[in-house]
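Taking it in order: structure first as structure tokens, then the write-up.
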Amino acid sequence: MRFSCLIVVLLACTAGVARCEETAKTDDAATATPFGTQFLVTLAEYHLEEPIPVDATEVEILDSVRDSGAVPVESVRMTATEDTESMAHFGQRVTVTTGKVIRGPVTSKQTESIEIGTMLRVRVASHAKGALAEIDYSTSRLNGAGTDDSPPDVVTNTVQATQLYVLGKQRLLSTSSTGKAPCIVVSIQRIP
């Protein structure tokens, strides 16, 4: 009888410990994020007055951007979850004059609606040296005002690249050696 009482007490204690362990696991799961690591991606596009020399290194180009005092033409900040594509799209539809039609004493404008804006797509993965990021950046902007007879030019830029980033440090995504060409700089930080 004492033996069976001892077994019942032992079983009750074991079940209580198991329930406590189960509750602890459930509490840990409730506080852990269901997503992977979060990153903050910052992209800035500059237009420098002076052309970038063709043989300039990444460090020299980044120094030129800093030393020029240039203000970003555009900057985009977005959060991204590890191994998940994230996208930011900022745009608008604008009406531009494409020409005019004259019928006797009446002159009417011909117009067309076009989309301009910015799109940034990012996929970030943790890496032993920081983060590996696939970046797709596109812009389309009006260049000038156009005339009564023709629409303004639409300037488009598209960059697609996969690069390794040291967290918190800027990297050059792309640039061109022509004057006023975009110089695109990216940095990635882990969000605590």
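Bear in mind that the values in this text are calculations on the coordinates, not laboratory data. This one's a predicted model, so the numbers in the text were calculated from it and none came from an experiment. Note that each Cβ is placed from the backbone with ideal geometry, even for glycine, and that neighbours are counted across all protein chains shown.
Overview of values
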quantity	calculated
Any pair with Cβ under 6 angstrom, 6 or more apart, that starts in region 40-68 at a residue that is assigned to a strand (DSSP E or B) and ends at one that is of a type in the set (Val, Ile, Thr) and surrounded by 16 or more Cβ atoms within 10 Å (Cβ to Cβ)	41/122; 41/188; 43/76; 43/186; 44/185; 45/184; 46/65
Among (1) assigned to a loop (DSSP other than H, G, I, E, B); (2) surrounded by fewer than 15 Cβ atoms within 10 Å (Cβ to Cβ); (3) of a type outside the set (S, T, N, Q), the one test that residue 167 misses	(2)
